[in-house]
Amino acid sequence: MDLGDFEADNSVSCRLASAVPEVCMAEDCCLGIDEAGRGPVLGPMVYGICFCPVSKKEELRGLKVADSKTLTEAERETLFQNLSDAKDFVGWALQILSPNTISTCMLQRSKYNLNALSHDAAIGLVQYALDSGVQLKEVFVDTVGPAEKYEEKLSQRFPGLEVTVRPKADSLFPIVSAASICAKVARDHAVKGWNFTEDLGEVDTDYGSGYPGDPKTKAWLLKYLDPVFGYPQFVRFSWSTAKNLMDGKGFPVYWDDDEEDGEKAALRQNNTSMLTYFNRSTGSTAHGAAHQSHRFFTERRLQGLNTL
C-alpha cells in the first residue's frame, strides 16, 4: 500500500483510494465501513470503506476476508493483496486522520469529540463513493456509539441507501471485514514508516502496541517528552495518558485567557494589571501617589469618572 501522499505531510489528514471498478458504476453495490487505531495514543486513526457489486458478495466471501483484529499482520497483508487483485469488482478508500488532527479537533474551543470526528469521516467516505459514481444501494457500518442513533443519522444523511449499523459488524459482514483490513493495513504502514519531522536523532521504534495501558508505550512517551515543547506529532496529545505525563514532567506555562481575568493573572505573576489603570481614582494611583494624566486627556479637558 502506497502512503506517499500522507507521508509527505503526516501532520494533516489525507484521503487515499483505489480506482473505481467499472462494474461498480453500472450495478447496485454494497459498501462496508470500519476503522483502525481508535484507541491508541500513538499514530493516526484510519477510516476505511470497501465496496463491490451486490451480485459479487459471494465472490468477496470467497476471498476469506475476516475481522482484521483476529488476523496476524502477515494474514492482513495477504488479504489486502487479494482485495487489490480483485480490482475488477472491488474498490476501497481511506481517510487517514493524523494524530495532530485528532488532538486539535478534540481540544478546540467548541468541543468536537472522537465520535463526531469518526462519524464525519465515515460520512465523508460514503459521499466520496457516491461522487465517484459508485451505485450504492447498501451500507454496512461497525458502530461508533449507540447503533440505533448512528443508523438513524446515516439514514437521514443518505435517504436513498439501505443503512445497517451493528456492533462487531466487521465479524458479521464480509464487506465490513474487507474495510477493516484496508484500514488496519494502512495504519500499520503509517506507524511503521512514520516520518518524525522533529529533531529527535535516532528514534527508538520499540513503543509497544501504542495503547495507553501498555508499559512500553508509557516508557516511550516519557522518553520523548520535551518538558517545554511536549511531544512529537506522532502522539495524540489530547489523550489523558499524554496529558497526565505532561502535567507531571513538563514545565508549567500559564496563559491568560477568558477563563482568568487580567487582575487575577497579574496577581499570580506578581504584576500590576493594565486594567487597574481604569480602576484608579483621578487623584491617586494604586500606590497612593498623584496620577499625572497623559496630555491627550489634558489637552481635551477629559477627566476620569468613578461613577456615572
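The values are calculated or read from the model by the stated rules, or taken from the named source; none is laboratory data. Computed from a prediction, not measured in an experiment: that's the story for all the values here. Cβ sites come from the backbone with ideal geometry, for glycine too, and all protein chains shown count toward neighbours. When the accessible area is computed, the model is the full protein with side chains, heavy atoms only, and any ligands, DNA or RNA have been set aside. Shrake-Rupley method; radii C 1.70, N 1.55, O 1.52, S 1.80 Å.
Go through (1) of a type in the set (G, A, S); (2) touching an Asp or Glu at 6+ places or on another chain (Cβ under 8 Å); (3) within 20 Å of G39 (Cβ to Cβ) for S238 and report which single condition fails.
(2)
Does E77 satisfy being free of Cβ contacts under 8 Å to residues at least 12 places away in the same chain and not hydroxyl-bearing (S, T, Y)?
Answer is no for this residue.
Among the residues of segment 173-200, what is the count of those that are open to solvent by less than 60 Å² (accessible area, probe 1.4 Å) and part of a loop (DSSP other than H, G, I, E, B)?
Final tally of qualifying residues: 6.
Search segment 150-162 for residues being under 19 Å from L172 (Cβ atoms) and not hydrophobic (A, V, I, L, M, F, W, C), and hand back the single one that is surrounded by the fewest Cβ atoms within 10 Å (Cβ to Cβ).
For segment 150-162, the residue satisfying everything is E162.
Please enumerate the residues belonging to segment 36-55 that are within 20 Å of G193 (Cβ to Cβ) and either surrounded by fewer than 24 Cβ atoms within 10 Å (Cβ to Cβ) or small (G, A, S) (or both).
Passing the criteria: A36, G37, P40, G43, G48.
Which of the residues belonging to segment 1-27 are part of a loop (DSSP other than H, G, I, E, B), over 18 Å from the mean Cα position of the chain (by Cα) and either modelled with pLDDT of 90 or more or under 20 Å from I102 (Cα atoms) (or both)?
S18, A19, V20, P21, A26, E27
If a residue has to be in a loop (DSSP other than H, G, I, E, B), surrounded by fewer than 10 Cβ atoms within 10 Å (Cβ to Cβ) and at pLDDT below 75 to count, how many in segment 289-308 make the cut?
The number of residues fulfilling the criteria is 8.
A quick yes/no check of all residues on (1) open to solvent by less than 20 Å² (accessible area, probe 1.4 Å); (2) within 24 Å of R15 (Cα to Cα); (3) touching a helix residue (DSSP H, G or I) at 6+ places or on another chain (Cβ under 6 Å); (4) touching a residue at least 12 places away in the same chain (Cβ under 8 Å):
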position: S110; (1), (2), (3), (4): no, no, no, no
position: L117; (1), (2), (3), (4): yes, yes, yes, yes
position: A122; (1), (2), (3), (4): yes, yes, no, yes
position: Y128; (1), (2), (3), (4): no, yes, no, yes
position: D142; (1), (2), (3), (4): no, yes, yes, yes
position: A147; (1), (2), (3), (4): yes, no, no, yes
position: V165; (1), (2), (3), (4): yes, yes, yes, yes
position: K168; (1), (2), (3), (4): no, no, no, yes
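Could you tell me how many of the residues in segment 67-104 are surrounded by fewer than 18 Cβ atoms within 10 Å (Cβ to Cβ) and hydrophobic (A, V, I, L, M, F, W, C)?
The number of residues fulfilling the criteria is 1.
Given the criterion at positive phi and in contact with an Asp or Glu (Cβ under 9 Å, 6 or more places away or on another chain), identify the matching residue among K216, K137, K168.
One residue alone meets the criteria, K168.
Taking segment 169-210, which residues are within 12 Å of G37 (Cα to Cα) and either among the small types (G, A, S) or at pLDDT below 90 (or both)?
The answer is S180, A183, A186, A190, S209, G210.
For segment 230-257: of the residues being surrounded by fewer than 10 Cβ atoms within 10 Å (Cβ to Cβ) and either at positive phi or in a loop (DSSP other than H, G, I, E, B) (or both), which is modelled with the highest pLDDT?
F251
Out of V144, V134, I need the residue that is touching a His at 6+ places or on another chain (Cβ under 7 Å) and closer than 20 Å to I181 by Cβ. Which one?
After applying the criteria, what remains is V144.
Could you look through segment 20-35, keep only residues that are of a type outside the set (D, E, K, R) and surrounded by 24 or more Cβ atoms within 10 Å (Cβ to Cβ), and pick out the one that is farthest from S118 (Cα to Cα)?
Checking each candidate, the answer is C24.
Hey, among the residues in segment 1-35 that are aliphatic (A, V, I, L, M) and touching a Pro at 6+ places or on another chain (Cβ under 9 Å), which one's farthest from V185 (Cα to Cα)?
Checking each candidate, the answer is A26.
Just to be sure, is A17 touching a residue at least 40 places away in the same chain (Cβ under 8 Å), under 30 Å from L161 (Cα atoms) and open to solvent by 10 Å² or more (accessible area, probe 1.4 Å)?
Against the criterion (touching a residue at least 40 places away in the same chain (Cβ under 8 Å), under 30 Å from L161 (Cα atoms) and open to solvent by 10 Å² or more (accessible area, probe 1.4 Å)), A17 qualifies.
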